Structure formats: structure tokens, C-alpha cells
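Step one of this worksheet: look at the structure below.
The values are calculated or read from the model by the stated rules, or taken from the named source; none is laboratory data. Everything quoted here is computed from the prediction, not taken from an experiment. Quick reminder, even Gly has a Cβ in these numbers, built from the backbone with ideal geometry, and neighbours come from all protein chains shown. Accessible surface is based on the protein model in full, side chains and every heavy atom, while ligands, DNA and RNA are left aside. Shrake-Rupley method; radii C 1.70, N 1.55, O 1.52, S 1.80 Å.
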Amino acid sequence: MKPLILLDVDGVLNPMGRPSLDFRRYLCTVEGVDYTVFLDPRHGRRLLDLAGSTGAELVWATTWEHHANDWIGPRIGLPELPVIPMTPAVPGEHGELFKTRHVAAYVGRRRFVWFDDQVWAEDEDHLRVRQGLHDFLLVHVDPEQGLTSRHLGMAHDWLTLTGFSQGS
């Protein structure tokens with residue numbers, strides 16, 4: 001089975017800090033609420049290249065849920081992606097992010113890389129100890145800067161070293 005590359009939006013593709021000139025400003029309206037997002041159109045190609053070179057599948061792991069396919073993907077050049085449902089947003093019992101249980105339920109036993117600005121040691125502990133998962137890489141993204149080439153390189157190296165390159 002293909003490994004997964006899980007994508008958050010806010011803090012990862014939409015940085016919270018002052019974005020570089022490579023980012024474009026967009027106004028999105030989701031369920032009657034306006035949001036301003038800053039997106040780098042190069043992220044889509046870079047993520048598609050990462051998935052293609054490692055044989056992985058891109059998946060939204062964001063509270064934007066299906067709205068990411070409407071508002072985020074088209075602006076950075078991503079096709080429609082599968083979505084991990086994130087509701088209900090019940091707080092974690094042991095300090096883990098509320099999304100972590102949803103991710104665990106979705107991935108099953110598949111290997112995955114997860115780009116998120118809110119994943120920490122508690123999330124890794126929850127996935128390894130409480131869910132019995134072992135083959136994953138949590139990539140903490142600084143929400144002020146968002147996703148960088150360094151993060152993509154970490155994911156590529158991990159996916160390749162764990163035997164998931166296209167040629168293996």
C-alpha cells in the first residue's frame with residue numbers, strides 16, 4: 001500500500017507570520033465566514049513531486065476538511081485530494097492534538113508523513129503507544145514560516161530510506 005503524506009493548511013501552507021514575496025493573498029469564504037490566506041503556488045508542484053518520487057499519496061489532514069479541495073488545492077495546483085474527517089474536535093486526553101486520533105483512524109497501518117504546525121512529542125507518543133503505529137514521521141512546521149524545502153527534504157529522505165521510493 002502506498003504511504004501517505006498528510007497536509008495541514010493553517011501554519012503549514014498558510015503561514016501565520018509575514019510571508020515572503022512568493023506567497024499570494026487570497027480571500028476565501030467558507031460557510032459564510034471570510035478568511036485571508038497566503039499561499040505559495042510553488043507548494044503544489046513541490047508536493048506533487050514529493051508524492052511522485054516516493055510513490056506516496058497526498059491527503060488533507062486539516063480542519064478545512066473538504067474546503068481545502070475548494071479553496072486551497074486549486075490555488076497551489078493540487079488536484080482534489082482525499083480528506084481526513086476532523087470532527088468532532090474533542091480535546092486529546094494526554095496532551096495530543098485533537099486531530100491525532102482522526103489521523104490514526106484514517107491511516108490504519110499505512111506508513112505516513114504528517115506536516116503540521118501542532119504536532120509534538122505527545123502526538124508521537126499517542127500514535128506509537130496508544131495506537132500501536134510505528135512507521136510514521138511527524139514533521140513539525142514552524143507556523144510563522146510555513147512549509148519549507150527543508151521539511152520536504154526530510155519527508156523525501158524518510159520515505160526513500162524506509163523503502164518507499166518509486167523504484168523499490
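Would you mind telling me the antiparallel percentage of the DSSP bridges in the chain, rounded to 5? Within the chain, antiparallel bridges account for around 30 percent of the total. Counting 0.36 nm for each residue step from E65 to F98 and taking away their Cα separation leaves a gain of 10.5 nm. Annotation for the range 97-168 versus the range 60-91: alpha-carbon center distance of 17 Å. Within the accessible surface of the chain, defined with a 1.4 Å probe on protein heavy atoms only, the carbon and sulfur portion equals 52 percent. In the context of the full set of protein chains, the range 1-109 has a per residue accessible area of 49 Å² (1.4 Å probe). Label positions at T87 and R25, each projected 7 Å from the Cα along the C-beta direction, are separated by 3.0 nm. Rg over Rh for the chain works out to 0.95, both radii taken from alpha-carbon positions and Rh defined as the Kirkwood radius. Multiplying the residue separation of V129 and S149 by 0.36 nm and subtracting their alpha-carbon distance yields 4.2 nm.
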